[in-house]
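This report concerns only the one structure given below.
Readers should treat all values here as calculations from the given coordinates under stated rules, not as data from a laboratory. Remember, it's a predicted structure, so these values are computed and weren't measured experimentally. Positions of Cβ are backbone-derived with ideal geometry, glycine not excepted, and every protein chain shown enters the neighbour counts.
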Amino acid sequence: MTTDPGDANAVRSLLDRMRDAWSRGDALAYADCFSPDSDYVTYNGMHLRGRKENAELHDALFRGVLKGTRLSATIESLTFLSSDVALIQTVGSGAKRGQAGSGRRKSIQTLIVVKQDGQWRIRSFQNTRIRPFSVWLTRQIAKRQRALDQV
């Protein structure tokens, strides 16, 4: 499928706006990056339904425990599923301003972004904390099982 290079840039710009709004503690601007009917699953499994709920929760968090934090994220993949739908995976972390993100607190995010009325918005967002020991243990168990299957 051929995609307009401008769309890839617009999607990257959307993610930049989202990180900038977070860094400013601007819950309305942050939530505006999402579609009105968005689904947002936090790293601890909380499911936010819609832009309004997203804005209300982040407003409280930005005035409290997330005050003064910033996001960092690297796009691992950006795939256009159609001319108006893209699947994105990022890896990132949050940190207080002036501090480097902790490798122990990285998360992987999966986003579905949609183009509506010429604007890209996040329709679905899933954030999962990466737990290195758990990842290692799961791989060891699978490796052991594969070895047992060979016997």
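Here are a few things to note about the model shown:
- Calculated [θ] (222 nm, deg cm²/dmol) that DSSP helices of n ≥ 4 give over the chain, each run adding -39,500 (n - 2.57): -12500 deg cm²/dmol
- When the chain is treated as a GNM with alpha-carbon contacts under 10 Å, the residue of LEU87, LEU57, LEU15 showing the greatest mean-square fluctuation is LEU57.
- Contact order for the chain, expressed relative to its length and based on alpha carbon pairs under 8 Å spaced 6+ residues apart, stands at 20 percent.
- Placing +1 on the Cβ of every Lys and Arg and -1 on the Cβ of every Asp and Glu, with nothing else charged, gives the chain a dipole about its Cα centre of roughly 980 debye.
- Extension gain for ALA147 to LYS96 (0.36 nm times residue separation, less C-alpha to C-alpha distance): 13.9 nm.
- Cross-link partners of LYS52 among aspartates and glutamates, defined as those whose alpha carbon lies under 15 angstrom from its own and excluding same-chain residues fewer than eight positions apart: ASP26, ASP32, ASP37, ASP39.
- GNM flexibility winner over the chain from GLY118, GLY68, GLY25 (Cα, springs under 10 Å): GLY118
- Compared with the alpha-carbon gap, the fully stretched path from ASP4 to SER72 is longer by 21.9 nm at 0.36 nm per residue.
- Residue of ILE141, ILE75, ILE88 that the Gaussian network model of the chain assigns the largest fluctuation, springs spanning Cα pairs under 10 Å: ILE141
- Dipole magnitude for segment 42-127: about 420 debye, using +1 per Lys or Arg Cβ and -1 per Asp or Glu Cβ, origin at the Cα centre.
- Overall form of the chain per C-alpha gyration tensor (a/c, 1.5; a/b vs b/c): oblate
- Cβ-based charge dipole, the chain, positive-most Cα from ASN54, VAL135, VAL114: VAL135
- Exposure proxy order (Cβ contacts within 10 Å, fewest to most) of VAL151, VAL85: VAL151, VAL85
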